[in-house]
Amino acid sequence: MEFTDQNETRALTMSEICHLQNGDKTLNKGVFCEAIWDSFYCWPATPAGEMALLSCSEIFTHNHVPINVRTMEKAYAYRYCNENGDWLWGEWTNYTECLELLHQDNFSSDQTAVAYILFVGSIVSLVALILTLSIFCYFKSLHCPRLHVHQNLVIALIIHSILLFVISTPGVLQDPALSYGNIDWLCKSILSIKMYAAMASINWMFVEGLLLHSRITVSVFNMETPFKLYYLLGWVLPAVFIITWSVVTSKVLDTPCWRGYGKSSYIWIITGPMLTALTINTIFLVNIVRILVTKLKMSVSIETAQVRKAIKATALLFPLLGITHLLFCINPRDHAYLEKAYMFTNAFFQSWQGVFVAVLYCFTNSEVQSALRNAYLRANLRWHHNGSHLTRRYCSHASTNYSANLEASIGERSHHKVSPCANISLLPLHEPLETKEIPIHKNNVK
């Protein structure tokens with residue numbers, strides 16, 4: 001909605017529109033409070049000393065808030081105009097009864113089930129991803145350019161899992177006091193960070209495909225891996241798109257927590273680059289598979305086997321990451337079984353995708369398994385070595401004391417010396433440790 005002022009044509013704020021729409025309704029007599037916009041509804045002018053009441057049903061209908069609570073007509077929001085003609089709480093309005101209705105409606109059985117799926121899945125994904133990142137950072141033998149890309153993808157998914165945990169916690173605990181939706185700036189910030197983490201994970205998946213394609217097909221980067229370019233694609237570009245989307249949405253969508261942003265055409269600021277990255281990844285994958293089939297026909301080498309494993313993991317992750325972040329584009333919105341299926345499927349893939357990444361890129365990776373096995377063997381060897389050393393020291397000390405006591409009791413009657421541990425079986429574990437060595441192959445210990 002646009003109005004012309006003295007200098008140029010500009011879009012007025014909702015507060016200015018509220019005053020214009022209620023200009024002809026201004027009270028002509030007595031003291032009154034002027035019409036006010038409280039960032040959710042336009043409250044009309046009210047005489048001094050009176051209370052302005054509006055039903056929650058009217059407010060929800062005006063703001064296109066879907067709600068199915070039957071007792072909605074009995075709930076009201078209100079403001080109080082004091083004797084001086086000033087609103088008692090400034091721009092704040094008492095929406096307590098309306099918020100309770102939203103709480104009752106939001107935590108329906110289906111949405112509670114979705115909240116539990118997100119809650120449990122995000123926790124399991126967080127544990128798996130943190131364990132994966134720890135393994136990647138601890139074992140220096142695993143470090144390579146592709147592993148660094150894995151690490152950044154895991155970090156993006158960790159951020160996304162944390163945000164899913166925060167979003168699902170109020171639905172699981174069903175406590176209005178823990179709901180971040182009542183604080184508009186906090187709700188919008190959480191939504192923006194979640195969008196950023198989702199877009200960053202897609203972009204790092206694109207970097208995965210780009211790196212794999214450049215190594216298998218044409219050597220675009222002959223010298224070294226261009227991680228500055230990768231960081232630009234994975235972290236900087238998503239920030240640019242999310243900031244742009246947030247600024248535009250805040251100007252065109254003046255609703256609490258940007259409610260209804262999915263129906264706005266400006267959502268393509270985010271979905272457009274994500275769809276482009278997934279489309280290019282699909283082209284990469286088709287070309288990589290074509291080259292791999294050609295190599296397999298010629299020879300089956302160790303390098304080809306490793307490439308085949310990498311392509312298998314990448315091929316599985318492409319649809320997983322694409323489906324989880326782009327399902328909101330195909331919401332059937334039929335308020336029936338299709339939308340319920342969409343809600344449960346979307347919640348499952350978004351919350352459990354961290355587990356999929358951890359299993360494919362870490363837990364089932366032969367190099368990671370080999371590194372863990374070697375670490376276990378080294379720890380086992382150190383433990384046995386320390387145990388053998390302590391056993392020898394204890395046996396020597398015990399044998400010396402025994403010999404001293406034996407010589408003192410025999411005195412001059414004995415003309416023979418007693419050797420430590422000679423014909424004495426005080427410590428039966430001592431002899432096996434001296435006569436047998438633990439078979440450790442040097443090739444298995446690094």
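The values are calculated or read from the model by the stated rules, or taken from the named source; none is laboratory data. Note that the coordinates shown come from a computational prediction; the quantities given were computed from them, not determined experimentally. Every residue, glycine among them, receives a Cβ derived from its backbone with ideal geometry; neighbour counts consider all protein chains shown. Remember, those area values only see protein heavy atoms, side chains included, never the ligands or the DNA or RNA. Shrake-Rupley method; radii C 1.70, N 1.55, O 1.52, S 1.80 Å.
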Tyr337-Ile283 FRET efficiency (beta carbon distance; Förster radius 35 Å; 0.05 resolution): 0.50
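Could you sort out which of Lys194/Lys340; Lys140/Lys194; Lys251/Lys340 sit more than 24 Å apart by Cα distance in this structure? Don't skip to the end; give the middle numbers.
Values: Lys194/Lys340 22 Å; Lys140/Lys194 31 Å; Lys251/Lys340 32 Å.
Correct reply: Lys140/Lys194; Lys251/Lys340.
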For His62, solvent-accessible area (1.4 Å; no DNA, RNA or ligand), Å²: 100
Inter-label distance, nm, simple model (7 Å from Cα along the C-beta direction), Tyr116/Leu229: 4.9
Order of exposure, largest accessible area first, which applies to Phe348, Phe356 with probe 1.4 Å: Phe348, Phe356
Stretchable slack from Asn63 to Arg146, in nm (0.36 nm times residue separation minus alpha-carbon distance): 25.0 nm
Two-site label geometry, Asn386 and Ser264: point separation in nm, points 7 Å out along Cα→Cβ: 5.9
Order of exposure, largest accessible area first, which applies to Met14, Met51, Met205 with probe 1.4 Å: Met51, Met14, Met205
Candidate residues Val65, Val252: accessible-area rank, largest first, probe 1.4 Å: Val252, Val65
Extension gain from Ile243 to Tyr78, taking 0.36 nm per residue of separation minus the Cα-Cα distance: 55.9 nm
Label-to-label distance, nm, for residues given as Ile193 and Val31 (7 Å Cα→Cβ offset): 4.6
